[in-house]
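Note sheet for the following structure.
The values are calculated or read from the model by the stated rules, or taken from the named source; none is laboratory data. Nothing here was measured: the structure is a model prediction, and the numbers come from that model. Quick reminder, even Gly has a Cβ in these numbers, built from the backbone with ideal geometry, and neighbours come from all protein chains shown.
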Amino acid sequence: MPAAVSIMARAGTRNGDARDASLRSHGFRLDAAPTDLINPRKLLLGKPLFGNA
């Protein structure tokens, strides 16, 4: 049987967003930004984004 795979990627969220708090409470590793305007820059630098509208 193959060993379990651990995913160490971080998801991008916005500080103070309810999704950020909810995902953190479920053990997700997040990279929070002060505003959504910063997230496109992070994406261009190769950082993953999740949960930003």
* Being crowded, with 16+ Cβ neighbours inside 10 Å and modelled with pLDDT of 85 or more narrows it down to one of L49, L23, so name that one. => L23
* Please work out if A9 is assigned to a loop (DSSP other than H, G, I, E, B), within 11 Å of the chain's Cα centre (by Cα) and modelled with pLDDT under 75. => yes
* Structure fact -> Condition set in contact (Cβ under 8 Å) with a residue 24 or more places away in the chain and closer than 16 Å to R41 by Cβ, scope the stretch 12-28, selection farthest from the chain's Cα centre (by Cα): answer is R14
